[in-house]
Amino acid sequence: MTLADVIPMAINLSMALMVLALGLHASWSDATSLLRQPVLLARSFISMNVVMTVLAVLMALSFNLHPAVKLALVALALSPVPPILPGKQTKAGGSTSYVVGLLVTISVLSIVVVPLGIGAISGWFDLGIGVPAARIASVVLMSVVAPLVIGLLIRQFAPAFASRLARPLSTFATILLIAAFIPVLIKIWPALMAMIGNRTLLALAIFTLIGVAVGHVLGGPEPDNRTVLALASGTRHPGVAMAIASITFPDEKAVIAVVLWHLIVGAVVCIPYVNWRKRAHAAMQSKTAL
């Protein structure tokens, strides 16, 4: 087994461990919570998969971008919540119930939404591309569903052990993700640098900013739900996005570069919003305590 084989495995493992750690804090009720709130589910789906997909298509038509970047934008818009996001959402004040429910529901729906969405867009623009549902199902199963179910089972049958394991496991997963990404960054560094100054970063920043704004508006009357949906609408699952884009563009360096830039740009763009929501959540808790 070569280093090229180990690195993707390490990245996927780290993301799965992050979801496992989330499951150690959650319950089965949390995982299915969004199914019991059809209005919030509809708002979430419209924000993440309808509005953002239309935005991605409009940006692909309007911006003079590399074809891989255009498809990556559409792929990101159709992709579910990334495994690395729930921690940020809860720290910004989001409830575990909505965070976990959104992660599970949108991820499962993506198995159908992604192939249908890519097929519709491909037919509209006569691109002749498609994404096998089995490919998306594999990514969703291994990075979201399986680790979350394992975490929920541990939480159910060994709650004390789950509480002790959650934090160190999350820390280890973060360290592993950083360590695995370092050689990837080195390998694709020229491709990353080539995207500076050609409107790619601007397009990704606009995508994230509008996603945050749309999610905040459609999150409903509950402030913490707005926070969760805003961050989910602006940031997407890198594994699903790469799976979609790499089918059409075998030049994986360009695809990975776009997705990595999306993670970096998205994280930077969201900092002011996350800080604002943290302060708002803390103020609301203080007022409630009084």
I'd like to know if segment 21-28 contains one or more residues that are assigned to a helix (DSSP H, G or I), farther than 24 Å from VAL113 by Cα, among the aliphatic types (A, V, I, L, M) and in contact with a helix residue (DSSP H, G or I) (Cβ under 8 Å, 6 or more places away or on another chain). yes
Considering only segment 27-40, I want to know if a residue exists there that is at pLDDT below 85 and over 21 Å from TYR273 (Cβ atoms). no
In segment 151-164, is there at least one residue being of a type in the set (Val, Ile, Thr), surrounded by 15 or more Cβ atoms within 10 Å (Cβ to Cβ) and closer than 18 Å to LEU22 by Cα? yes
Restricting the first residue to segment 147-165 and requiring it to be without any contact (Cβ under 8 Å) to a residue 24 or more places away in the chain, which pairs with a second residue that is in a helix (DSSP H, G or I) and of a type outside the set (Phe, Trp, Tyr) meet a Cβ separation below 7 Å and a spacing of at least six or different chains? PHE161/ILE154
All but one of (1) more than 11 Å from the chain's Cα centre (by Cα); (2) of a type in the set (S, T, N, Q); (3) farther than 19 Å from ALA267 by Cβ hold for THR90, so report the exception by its number. (3)
Conditions: (1) farther than 30 Å from ILE271 by Cα; (2) under 15 Å from the mean Cα position of the chain (by Cα). LEU116 meets all but one. Number of the miss? (2)
Flag for ARG236 being of a type outside the set (Gly, Ala, Ser), free of Cβ contacts under 8 Å to residues at least 60 places away in the same chain and surrounded by 19 or more Cβ atoms within 10 Å (Cβ to Cβ): no
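Residue-wise test of (1) surrounded by fewer than 19 Cβ atoms within 10 Å (Cβ to Cβ); (2) more than 23 Å from GLY239 (Cβ to Cβ); (3) of a type outside the set (Lys, Arg).
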residue: MET9; (1), (2), (3): yes, no, yes
residue: TRP28; (1), (2), (3): yes, yes, yes
residue: ALA31; (1), (2), (3): no, no, yes
residue: LEU40; (1), (2), (3): no, yes, yes
residue: SER47; (1), (2), (3): no, no, yes
residue: LEU55; (1), (2), (3): no, no, yes
residue: PRO67; (1), (2), (3): yes, no, yes
residue: LEU76; (1), (2), (3): no, no, yes
residue: VAL81; (1), (2), (3): no, no, yes
Of all the helices (runs of 4 or more DSSP H) wholly in segment 84-190, which have at least 3 residues that are closer than 28 Å to ASP224 by Cβ? 86-91, 96-124, 146-157, 159-187
Which numbered condition in (1) at pLDDT 90 or above; (2) out of contact with any Ser or Thr (no Cβ under 6 Å at 6 or more places or on another chain) is the only one that THR200 fails? (1)
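The values are calculated or read from the model by the stated rules, or taken from the named source; none is laboratory data. Since we're looking at a predicted model, the values are computed, not measured. In this analysis, Cβ positions are derived from the backbone assuming ideal geometry, glycine residues included, and neighbour counts consider all displayed protein chains.
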